[in-house]
1. Does Ser133 qualify as being over 18 Å from the mean Cα position of the chain (by Cα), over 20 Å from Arg168 (Cα atoms) and crowded, with 18+ Cβ neighbours inside 10 Å?
2. Being surrounded by fewer than 16 Cβ atoms within 10 Å (Cβ to Cβ) and of a type in the set (Val, Ile, Thr) narrows it down to one residue among Val159, Val142, Val121, Val110; which is it?
3. Inspect all residues belonging to segment 37-55 and state whether any of them is in contact with a Phe, Trp or Tyr (Cβ under 7 Å, 6 or more places away or on another chain), surrounded by 12 or more Cβ atoms within 10 Å (Cβ to Cβ) and in a helix (DSSP H, G or I).
4. Taking only pairs six or more apart or across chains, which ones have beta-carbon atoms under 9 Å, a first residue in segment 89-104 that is polar (S, T, N, Q), and a second residue that is in a loop (DSSP other than H, G, I, E, B) and modelled with pLDDT of 70 or more?
5. Taking segment 56-83 as the search range and keeping residues that are touching a residue at least 60 places away in the same chain (Cβ under 8 Å) and touching a Pro at 6+ places or on another chain (Cβ under 7 Å), which one is surrounded by the fewest Cβ atoms within 10 Å (Cβ to Cβ)?
Amino acid sequence: MTNLHTVTPRGQSGAALMVALVMLLVLTVLGVTAIRTTTLQEKMAGNMRDANLAFQAAEASLRDGETLVRGAVLPPFDGTNGLLQVEPDAGRPEFWSTYNWANSRVTAGVNYVAAPPNYVVEELPPVPVEGGSERFGPLPDVGFYRVTARGFGGTTDAVSILQTVYRR
C-alpha cells in the first residue's frame, strides 16, 4: 500500500487571488463608468429631442399666426383670443413673461408634444410712410404685427418661444 500525500508548496501566499480580485475591481469600475456614460448620452439625446420638438411646435404655431395676419380681413385686436393691441410708448415689459397663455390662440395638429402650441398677435402702432402722389394722396400708414409663439416638447419642461414681426 502506498500512501498518497498531498503536496502543498510552502511558498504560496495567495497572490493569484489578489491579482484576480484587483482585476475584477478594475473591470467593475470600467463597467460602471460605461453604464454611466451611456445613461448620460441617452439623457442628452432625449433632451435634444424635446428641445427640437418644442422648436418645431413653436415654428408651426408661428406660421399659423403669420397666416392669420396675412389674411384678407383681420379680426379685431381687442385683447381677446390672443389678439392684442400695443399702445404707443406704453413702456410695458415683454408680455410673454407675464401673459396668461390660456387666452392665446391654439395651433392644432402638432403630434408628440406635451401640450398644443399657441400664439398671440400684437398689433403694433402704425408707421407713417412718406411720399404719395397728387392724384391718390399720401401713402397709407404701414401696419406691423408681432407674432409670438410658444411650443412644448415631449414634456412641459422643454419650452421654445419664437417671435417675428410681420409688415402689412
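1. Working: over 18 Å from the mean Cα position of the chain (by Cα): yes; over 20 Å from Arg168 (Cα atoms): yes; crowded, with 18+ Cβ neighbours inside 10 Å: no.
Here the answer is no, as Ser133 does not meet what is asked.
2. Details: Val159 fails: surrounded by fewer than 16 Cβ atoms within 10 Å (Cβ to Cβ); Val121 fails: surrounded by fewer than 16 Cβ atoms within 10 Å (Cβ to Cβ); Val110 fails: surrounded by fewer than 16 Cβ atoms within 10 Å (Cβ to Cβ).
Matching residue, one of Val159, Val142, Val121, Val110: Val142.
3. Yes: segment 37-55 contains one or more residues that are in contact with a Phe, Trp or Tyr (Cβ under 7 Å, 6 or more places away or on another chain), surrounded by 12 or more Cβ atoms within 10 Å (Cβ to Cβ) and in a helix (DSSP H, G or I).
4. If the second residue must be in a loop (DSSP other than H, G, I, E, B) and modelled with pLDDT of 70 or more, the pairs left are Asn103/Gly79; Asn103/Thr80; Asn103/Asn81; Asn103/Gly82; Ser104/Asn81; Ser104/Gly82.
5. Among them, the one singled out is Ala60.
The values are calculated or read from the model by the stated rules, or taken from the named source; none is laboratory data. All figures in this text were calculated on a predicted structure; none of them were measured in a lab. Methodologically, a virtual Cβ is constructed for each residue, glycine included, from the backbone with ideal geometry; neighbour enumeration extends over all protein chains shown.
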